[in-house]
Amino acid sequence: MAEIATIARPYAEALFKAAGSDAAAWLDELAALAVNEQLRQFADNPKTLPDQVFSLMTGLLKGGLPDKGQNFLRTVIENGRLAALPEIAAQFRALKNAQQGAFDAVVYSAFEVDSAALADLSGVLEKRFGRKLNLQVELQPDLIGGIRVVVGDEVLDTSVKARLEQMKIALTA
């Protein structure tokens, strides 16, 4: 993965300098498209022209793509770096977060979390981790209950599953 990270870094930095943090929404959408295996096979086909890939991707976007976004996408496609788009988006988010002094956090929950509970949770987690967090919630029913929060390399696991594992270890020791 270090190779893709190395390839993605100059693209992310150049886009951040050119478009600023405004590019985050459409870049995430492009990255989500780029993980589609059928699209990648289409783009990797030697008979497919870069303009065809560009037209397909822009046609699949929910919103329009600004001029800087179109130039960026054309450059990525013409250089054969479509597979690096998700890593470019991740590095772009890291640059944006560094500028804003924030960190991405993934909250794994067994159940849906409503917006009011998420706002309360955000305040508690920001106090716990000592920094501004951008929360993203992902469902993980095997947690049974509670939540598991991942911020960078730090993990806060208050799930029922984790507690059961701790009890299992204590009982078998």
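The values are calculated or read from the model by the stated rules, or taken from the named source; none is laboratory data. For clarity, every value in this text was computed on a predicted model and none was experimentally measured. A quick note on method: Cβ atoms are made from the backbone with ideal geometry, for glycine too, and the neighbour counts reach across all protein chains shown. Keep in mind that these areas ignore ligands, DNA and RNA; they rest on the heavy atoms of the full protein, side chains included. Shrake-Rupley method; radii C 1.70, N 1.55, O 1.52, S 1.80 Å.
Using 0.36 nm per residue and subtracting the Cα-Cα separation, the extra length available between Ser115 and Asn134 on full extension is 5.5 nm.
Compute the relative contact order of the chain as a whole-number percentage, counting only Cα pairs closer than 8 Å that sit 6 or more residues apart in sequence. Averaging sequence separation for qualifying contacts and normalising by length gives 21 percent for the chain.
Listed by chain and number, the aspartates and glutamates whose C-alpha is less than 19 Å from the C-alpha of Lys17, apart from same-chain residues fewer than 8 away, are Asp28, Asp67, Glu87. Both radii were evaluated on the Cα set of the chain; the Rg over Rh quotient, with Rh as the Kirkwood radius, amounts to 1.07. Given the options Val160, Ile77, Leu60, identify the residue whose Cα lies farthest towards the positive end of the charge dipole of the range 38-173 (+1 on Cβ of Lys, Arg; -1 on Cβ of Asp, Glu). Most positive-ward Cα: Ile77. Of all aspartates and glutamates in the structure, those lying under 13 Å Cα to Cα from Lys68, and not within fewer than 8 positions of it along the same chain, are Asp22. Think of a 1.4 Å ball rolled over the protein heavy atoms: the range 58-173 then has 62 Å² of accessible area per residue.
Taking label positions 7 Å along the Cα-Cβ direction at both Asn71 and Asp51, the computed distance is 2.1 nm, reported to one decimal. Surface composition of the range 92-153: carbon plus sulfur atoms hold 54% of the accessible area, using a 1.4 angstrom probe and ignoring ligands, DNA and RNA. Scoring 128-139, 104-115 by mean Cβ neighbours within 10 Å over their residues and listing the highest first yields 104-115, 128-139. For the pair the range 1-48 and the range 155-173, the centres of their Cα atoms are 39 angstrom apart.
For the chain, the longest principal axis of the Cα atoms and the long axis of helix 50-60 meet at an angle of about 50 degrees.
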